[in-house]
Amino acid sequence: MKVELFQMERMQSMYERVVDYELSESGVHALKISELLGGDGAPKEFLELPLGYPHADGTPGLRAAVAATYKGAATENVFVTNGSSEANFIAAWHLFEKGDEIALMTPNYAQMWGLAKTWGLKIKPLWLKEELGWQFDPEDLKDVVTKKTKVIQVCNPNNPTGAIMGTKQRKALLDAARDSGAWLLSDEVYLGAEREAPLTESLWSDYERTLITNGLSKAYGLPGLRIGWLVGQPEVLARVKHHHDYLTLTPAAPSDRLATLALEPKKRKWIFDRTRSILRKNYPVLKEWMDAHGSLFSHVPPAAGAICYVKYNMKIDSIELAERLRKEKSVLIVPGGHFGMDGYMRIGTGPPKEYLHGGLDRVDELLRELGAGKG
Ligand SMILES: Cc1ncc(COP(=O)(O)O)c(C=O)c1O
């Protein structure tokens with residue numbers, strides 16, 4: 001089987017540890033285990049954790065803690081995975097069949113696009129429009145979602161635009177899913193990484209064909225734990241688990257334990273406050289930098305995520321621009337081309353401020369060489 005290349009992930013896997021400035025990451029810089037454990041007895045207790053096979057579904061404690069973050073969900077609605085990427089993968093493996101139609105929010109984290117292409121689905125893009133602040137036009141749902149639609153997949157808050165789905169769009173989407181009978185697959189890994197907006201409302205509802213994917217990599221700053229989850233109806237999760245038995249079997253026991261700590265309500269609030277404060281400090285750094293370049297850049301301010309989707313006014317293909325930045329200036333950014341759109345780049349705002357300044361200075365060097373630099 002020919003697997004569609006996941007361009008962004010392949011690029012990151014190859015170069016994120018090699019470059020001087022890694023600005024392709026979309027989450028805030030990571031927490032340490034010590035920050036998660038705190039003082040008291042927690043570190044000692046953690047060291048006594050037996051390293052036997054853990055619960056295949058995630059420990060009941062972790063599942064209950066995840067469930068508590070969704071209105072009306074209980075432990076049996078939660079299945080813990082290795083990252084939200086695994087949650088997405090097994091949901092897709094369960095639902096996707098050759099010839100199916102998928103309504104796919106676009107632009108989007110390209111995992112679902114690549115899997116849909118690999119498995120021979122017909123993709124109907126549900127375009128987010130820059131002139132609408134990166135919202136989709138609810139009118140477009142009429143063409144994109146029909147009785148033939150098997151799955152509607154959205155990423156909310158969205159990667160790469162950082163937009164949070166509007167109230168009107170949210171209602172229209174839920175209505176369209178119910179009317180068509182399609183599965184609603186919602187990747188919400190940036191929920192909790194809002195810069196100014198209140199906590200994004202999950203698309204979890206009483207619509208039984210809903211699967212929510214999420215995890216600790218972005219809003220929680222804990223990507224190294226590789227903890228994600230699926231929220232769905234127990235009968236649906238029971239079928240999805242059949243796929244998981246061929247994959248990673250269980251989450252890692254130490255990660256399950258640490259994730260349970262991260263989801264304690266007080267800790268979760270502390271973590272989200274930390275994320276918000278990083279985003280509030282760093283976005284202005286990028287914005288000032290863009291403003292200093294006059295009409296070279298334009299963007300819609302991202303509402304969530306340590307990312308900014310920047311439109312540039314230069315005659316250079318985005319993939320070539322990203323390649324030159326990496327090779328000549330040792331800076332990694334994500335080209336719009338990896339989201340199927342040229343003329344854009346996604347810049348990460350999650351690292352410490354000084355690092356971000358350093359990376360942007362390097363970008364400036366190339367811009368000057370391209371005759372587009374400031375000053
Ligand atoms: C929307 C989205 N979903 C899933 C993932 C994968 O995250 P995880 O580290 O939880 O596997 C990413 C990573 O960038 C993402 O942007």
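The values are calculated or read from the model by the stated rules, or taken from the named source; none is laboratory data. Here the structure is a predicted model, which means the values were calculated and not measured. Counting neighbours? That spans all protein chains shown, and the Cβs are built from the backbone with ideal geometry, glycine included. In case anyone asks, the SASA skips ligands and DNA or RNA and just uses the protein heavy atoms, side chains included. Shrake-Rupley method; radii C 1.70, N 1.55, O 1.52, S 1.80 Å.
Calculated on the Cα set of the stretch 51-264, radius of gyration then Dmax: 16.4, 53 Å. The separation of the stretch 4-42 from the stretch 327-375, counted between C-alpha centres, amounts to 18 Å. Measuring between alpha carbons in the structure, the pairs from Lys71/Lys267; Lys171/Lys218; Lys44/Lys353; Lys117/Lys147 lying more than 28 angstrom apart are Lys44/Lys353.
Using a/c under 1.5 as the rounded threshold, could you call the stretch 114-215 rounded, prolate or oblate? The axes a ≥ b ≥ c are square roots of the C-alpha gyration tensor eigenvalues, and prolate needs a/b larger than b/c, oblate otherwise.
rounded
Here Ile164 sits with roughly 40 square angstrom of accessible surface, probe radius 1.4 Å.
Provide the convex hull volume over Cα atoms per residue for the stretch 217-299, in Å³.
Working: hull volume 13.0 nm³, N = 83.
Given the Cα convex hull of the stretch 217-299, per-residue volume reads 157 Å³.
Selection among Pro43, Leu296, Ala193 by position relative to the dipole of the chain gives Ala193 as farthest towards the positive end (Cβ unit charges, Cα centre).
Only DSSP H runs of four or more residues enter the estimate; each adds -39500 (n - 2.57), and after division by the residues of the chain the mean residue ellipticity at 222 nm equals -11500 deg cm²/dmol. When a 1.4 Å probe is rolled over the protein heavy atoms, the share of accessible surface on the stretch 51-264 that falls to carbon and sulfur comes to 55 percent. Computed over the chain, relative contact order equals 24 percent, with contacts defined as Cα pairs under 8 Å that lie 6+ residues apart. The equivalent ellipsoid that matches the C-alpha gyration tensor of the stretch 236-359 spans semi-axes of 35, 22, 14 angstrom, in descending order.
Find how much the distance from Glu4 to Asp137 grows on full extension, using 0.36 nm per residue of separation minus their present alpha carbon separation; answer in nm with one decimal. Intermediate results must be reported in sequence, preceding the final value.
Working: separation 133, 0.36 × 133 = 47.88 nm, distance 2.87 nm.
Going from the current span to full extension adds 45.0 nm.
For a modelled paramagnetic label at Lys148, 7 Å from Cα along Cα-to-Cβ, the residues of the stretch 84-101 in reach, with backbone nitrogen under 12 Å, are 99-101. Computed from the Cβ-Cβ distance with R0 of 22 Å, the FRET efficiency linking Arg274 to Phe46 stands at 0.60.
Between the amide H of Trp183 and those of Val151, Ile152, distances stay under 5 Å, these residues lying 5 or more places away or on another chain, with hydrogens modeled in the peptide plane. Accessible surface calculations at 1.4 Å, restricted to protein heavy atoms, place the chain at 43 Å² per residue. With distances taken between every two different alpha-carbon atoms, the chain has a Kirkwood hydrodynamic radius of 21.3 Å. Backbone geometry of the stretch 24-41 corresponds, through the Karplus equation with coefficients 6.51, -1.76 and 1.60 at θ = phi - 60°, to 3J(HN,Hα) couplings of 9, 6, 10, x, 6, 4, 6, 6, 9, 4, 4, 5, 6, 6, x, x, 6, x Hz, x marking Gly and Pro. Here the chain is assigned +1 on the Cβ of each Lys and Arg and -1 on the Cβ of each Asp and Glu. Its dipole about the Cα centre then comes out at about 120 debye.
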